[in-house]
Amino acid sequence: MYNHYFNQSNQPYKERYQTSIDSIHQIVEDTKGSGKYDLFFQDAGQYILKLIQLNEQLSDGSFEKMTFEQLKAHNHALYLSVLGANYDHSFANPDKCEAVFGKSIGESLCYLYSKILNTVSFVFEGQLFCTVLNFELFIKMYEAIQVEKSESLKSLIYAEAMEALDLKAEVSVLRKCDQNFNTYSGVLMNSELTDLRYLFYYGHFIGDDEIKTAKYLLELPEEKIERMAKVCTEAFHKGYLKGHKEIPLSEKKTIQFAYPIGFERIVKKAAEIFAQSGLQPIVHNDIFTVARPRLMSTKPSEQYAYDHRFDEAIFFDESYAKALETVYAHYMEIHQVAVKSLAGIALQESFGQIPFSPMSKTTCPKYDEGQTSLKTAHTNAISKIRNAYYPASIWSFVIIAYPLPSIGDLYAEIFDEVIKVNTLDSALYETIHQSIIDALDQGEF
């Protein structure tokens, strides 16, 4: 299941990957003591060795040969340090890092640990260049600590953020519109959904909700699944036509899907129906600290995601912002045909999650006043660039929501009632809705 999409961009990094592996093995060998830095780099280094092994398993096909239980154990091992109560004592926790290393060094090492954890997505996607950059950052920061140059840690973080920025920006554009990027759409469309091992092929953390949802949907009759899928496809087509979009739907090539893992039976059926209109599925992933990712699953730790939401503040400055805006505009221009071929997004939301109340911490990275203004300007600049090539006038969307098993004992009954509501006669209720609006329009304000 190794993805070859990034083969060309990976070529210059293959030798660096092998060199970094040797260095990491040596670091793990050299940090078996009980000092605070030994403990950090031993912990992080051992995790990197797991990622190296994972890369080998994906490359030689042994990953797909694991049983469901083996894959589940493997999946949980990848997220163990931030899973549940483990997070309290993890180096991914800014409270822990600041308590051990102090404010400045602790913030830098906590950022590094999170970067390493997020590398799992790059490994599943076959993004060797991003994997190498994270591995090399680990090595460089270890070397800086060894020669007592901890003041250089943030400079190293900044240098990594700026390195290969053009490549990172191009990938950011293509993963959202290029149907050849099929790491996740391949799982959706090519998996035998009765074999639940596919859930672990995304690389995301897989919890009870994902497994129970997939099992429940397998119990539903095909006719009901098809009805649910058609609600999505018909609503999208209707919305696109009613929106009088500037580019005819017949000229579009792709459609983006966003959904919680476990709902593949519905989403795959919808993708097959869209394909009859010439629209191929796009599924892309965001690192699991993103607040609203496109490919959703249970977070191993909601607090971890919350704590690291502003990690960019560690290195964000005007030079970085302007450089990113420049390369983003460049690749939106180069790939504008693929960008404009995207019909829009079919978003499946979920509800019933266990409520989360974040704990506010003084140890988390935060934008200062100057950075906040700069970030706002940067966000506006990126939006302006995106809208120049992909304005709302050329794409549409549809949003449908279904419950998760964590909603409680009445899950099946609630799910069935939601299906009934979602599959009501839209033409009939649209007429009723319009009549209500017309009546309200007669009122005096």
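Please treat every number below as a calculation from the coordinates, not as lab data. Predicted model only: the values in this text are computed from it and were never measured. Note: ideal-geometry Cβ built from the backbone for every residue, glycine included; neighbour counts use all protein chains shown.
Among Met332, Met162, Met228, Met189, the ranking by other beta carbons within 10 Å of each residue's beta carbon, starting with the fewest, stands as Met162, Met189, Met332, Met228.
As a proxy for reagent exposure, ranking Ile334, Ile105 by other Cβ atoms within 10 Å from fewest up yields Ile334, Ile105.
Placing one equal scatterer on every Cα of segment 264-368 and applying the Debye formula, the log10 ratio I(q)/I(0) at q = 0.10, 0.11, 0.22 Å⁻¹ is -0.49, -0.58, -1.20. Over all pairs of different C-alpha atoms, segment 218-270 has a mean inverse distance whose reciprocal, the Kirkwood radius, equals 12.6 Å. Neighbours of Ala271, meaning other residues whose beta-carbon lies under 12 angstrom from its beta-carbon, give a summed charge of +1 when Lys and Arg score +1 and Asp and Glu score -1. The convex hull around the C-alpha trace of the chain, projected and averaged over every direction, spans 24.5 square nanometres.
3J(HN,Hα) couplings calculated from phi for segment 8-21 with the Karplus curve 6.51 cos²θ - 1.76 cosθ + 1.60 (θ = phi - 60°) are, in sequence order, 5, 5, 7, 3, x, 9, 5, 5, 5, 5, 5, 5, 5, 4 Hz; Gly and Pro show x. For segment 100-165, the normalised intensity computed at q = 0.14, 0.27 Å⁻¹ comes to -0.41, -1.22 (log10 of I(q)/I(0), Debye sum over alpha carbons, equal scatterers, no solvent). Residue by residue, segment 56-69 carries 3J(HN,Hα) couplings of 5, 5, 5, 6, 8, x, 6, 4, 6, 8, 5, 6, 4, 5 Hz when phi is fed to the Karplus relation 6.51 cos²θ - 1.76 cosθ + 1.60 (θ = phi - 60°); x denotes Gly or Pro. Cross-link pairs exceeding 28 Å between alpha carbons, from the set Lys115/Lys322; Lys103/Lys375; Lys299/Lys361; Lys115/Lys230: Lys115/Lys230.
Across all Cα pairs in segment 183-441, the calculated P(r) in 5 Å bins from zero up to the longest distance comes to 1, 5, 10, 13, 15, 15, 14, 12, 8, 4, 1, 0 percent per bin. When the alpha carbon gyration tensor of segment 7-162 is reduced to an equivalent ellipsoid, its three semi-axes come out at 26, 20, 14 angstrom, largest first. Report summary: the helix-based calculation at 222 nm, which adds -39500 (n - 2.57) for every DSSP H run with n ≥ 4 and divides by the residues of the chain, gives -18500 deg cm²/dmol. Around the amide H of Gly344, modelled in the peptide plane, lie the amide H atoms of Gln256, Ser396, all under 5 Å away and 5 or more residues distant in sequence or on another chain.
In plain terms, the chain from Asp441 to Met162 could stretch by 94.9 nm, reckoned as 0.36 nm per residue minus the Cα-Cα distance. Averaged over residues, the count of other Cβ atoms within 10 Å places the peptides 221-227, 109-115 in the sequence 109-115, 221-227, highest first.
Residue order for Glu160, Glu219, fewest other beta carbons within 10 angstrom first, comes to Glu219, Glu160.
Between Ser152 and Thr362, full extension at 0.36 nm per residue minus the direct alpha carbon distance yields a gain of 73.3 nm. Within the shell of other residues whose beta carbon sits under 11 angstrom from the beta carbon of Ala377, the net charge comes to +1, with Lys and Arg scored +1 and Asp and Glu -1.
In angstrom, the C-alpha Rg and Dmax of segment 167-280 are 15.4, 45.
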